[in-house]
Amino acid sequence: MNVTILDDYQDVVRTLRCFSKLAGHEVAIWNDHVRDTGALAKRLENTEALVLIRERTPVRAPLLERLPKLRLISQFGGGMHLDVDACTRCGIIVSSGIGTGAPSYATAELNWGLMIAGFRHIHQEAAALKAGKWQAWPPGIGLRGKTLGIFSYGRIGAVVAGYGKAFGMKVLVWGRETSLTRARADGFAVASSKEELFERSDVVSLHVRMLEATRGIVTAADLARMKPTAMLVNTSRAALIETGALEAALRAGRPGFAAVDVFEDEPVLGGNHPLLAMDNVICAPHLGYVERDSLENLLSAIFDQIAAYANGNPINVINPEVLAKK
């Protein structure tokens, strides 16, 4: 089959062990990102199986309707980037595994690294040192004894809470009742309200699942409640925060700092984002799950789905109506 892999930003796919699973197929890998539907349709015109790496490219009806040769989309996990109903109408099978339920430790580790780097000014001090300066920034802030606010105690939130406990932090949790029940069972304190979480925390770490219902769940009013010495950490999804609210809050001084790994419109190229111009923000280019072992596991599962389809026995099909038609 003609297989296309989109958005391999780091040109890493061919270096993974699992890439050998595509032996015998014609494989095209694109390292850049294309937004224009016409250009993307031209790029994919001969594609029979499309590999999506997480949510990097939206795939919706205007594109799908221009791809008559496409028969399979193979990805991992859910997301709002793919119009499954349009795939079904176009007769395209969507194979999308959901994994074992294990947390993304890579994301949790990056979350913690960003928190420490932000509070201790590591990125600014490293740049200053290269420029010939020594201890050029005001002293940073330690974590021990501070309050770590976990917004949604799911798989990743629970891991980050555990890191906080290991570092001697006071952990405070808020979220849905299921989150609060799990947090209590694990011995963590829960806030009486979302307002209390933002008011009391020295760090608020977001781990909320991105759905239409959670879009903008962190409001300007929430951020205004944070301490001027506090930090907001977001390795989840940018759209969880009300549009423009974080930039405005940081300029107003509440919170005093932020660490973000996600942006509403990715990739961010040319340094063209207001957060990148702020000295009190540490930004990363959505590196949360982008770690070699994580990518190996992710793409291995995606390639297994392609092999299963090629053998006439598609797996992890989330739109079985297409199979019924065939």
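In region 160-174, which residues are among the aromatic types (F, W, Y) and either surrounded by 23 or more Cβ atoms within 10 Å (Cβ to Cβ) or outside any loop (DSSP other than H, G, I, E, B) (or both)?
Y163, W174
Look at L52 and say whether it is within 23 Å of D293 (Cβ to Cβ), in the same structural domain as S95 (by TED's automatic domain parsing) and either in contact with a strand residue (DSSP E or B) (Cβ under 9 Å, 6 or more places away or on another chain) or of a type in the set (F, W, Y) (or both).
Yes: the conditions hold for L52.
As an exercise: evaluate T47 against (1) in contact with a Ser or Thr (Cβ under 6 Å, 6 or more places away or on another chain); (2) surrounded by 15 or more Cβ atoms within 10 Å (Cβ to Cβ); (3) not in a loop (DSSP other than H, G, I, E, B) and give the number of the one condition it does not meet.
Failing condition for T47: (3).
Assess whether E264 counts as being surrounded by fewer than 21 Cβ atoms within 10 Å (Cβ to Cβ), in contact with a helix residue (DSSP H, G or I) (Cβ under 6 Å, 6 or more places away or on another chain) and part of a loop (DSSP other than H, G, I, E, B).
For E264, the condition - surrounded by fewer than 21 Cβ atoms within 10 Å (Cβ to Cβ), in contact with a helix residue (DSSP H, G or I) (Cβ under 6 Å, 6 or more places away or on another chain) and part of a loop (DSSP other than H, G, I, E, B) - is met.
How many of the residues making up region 142-159 are surrounded by fewer than 17 Cβ atoms within 10 Å (Cβ to Cβ) and in contact with a Phe, Trp or Tyr (Cβ under 9 Å, 6 or more places away or on another chain)?
2
Being in a loop (DSSP other than H, G, I, E, B) and among the aliphatic types (A, V, I, L, M) is the filter; apply it to region 205-256 and report the residue that is farthest from M278 (Cα to Cα).
Here the answer is L211.
Given the residues D32, D85, which is the only one that is acidic (D, E) and not in a loop (DSSP other than H, G, I, E, B)?
Within the list D32, D85, the selection yields D85.
Need pairs with beta-carbon distance below 6 Å; first residue under 19 Å from Y9 (Cα atoms) and within region 34-57, second polar (S, T, N, Q) and at pLDDT 95 or above; sequence gap 6+ or separate chains.
L44/T4; L50/T4; V51/S74; L52/Q75
Tally the residues that are aliphatic (A, V, I, L, M), in contact (Cβ under 8 Å) with a residue 60 or more places away in the chain, over 19 Å from T57 (Cβ atoms) and in a helix (DSSP H, G or I), restricting the search to region 277-324.
5
In this structure, does G271 turn out to be out of contact with any Lys or Arg (no Cβ under 7 Å at 6 or more places or on another chain) and over 30 Å from G24 (Cβ atoms)?
Taking the combined requirement at face value, the residue satisfies it.
Considering only residues of region 269-294 that are among the hydrophobic types (A, V, I, L, M, F, W, C) and surrounded by 17 or more Cβ atoms within 10 Å (Cβ to Cβ), which is farthest from H33 (Cα to Cα)?
V281
Has region 60-68 got at least one residue that is part of a strand (DSSP E or B), at pLDDT 95 or above and of a type outside the set (D, E, K, R)?
Checked region 60-68: no residue is part of a strand (DSSP E or B), at pLDDT 95 or above and of a type outside the set (D, E, K, R).
If we scan region 117-136, do we find a residue that is surrounded by fewer than 14 Cβ atoms within 10 Å (Cβ to Cβ), more than 29 Å from A301 (Cα to Cα) and of a type in the set (F, W, Y)?
Yes.
Among the residues that make up region 96-103, is at least one of them crowded, with 16+ Cβ neighbours inside 10 Å, outside any loop (DSSP other than H, G, I, E, B) and in contact (Cβ under 8 Å) with a residue 60 or more places away in the chain?
yes
The values are calculated or read from the model by the stated rules, or taken from the named source; none is laboratory data. What you are looking at is a predicted structure, and each value in this text was computed from that prediction instead of being measured. Note that each Cβ is placed from the backbone with ideal geometry, even for glycine, and that neighbours are counted across all protein chains shown.
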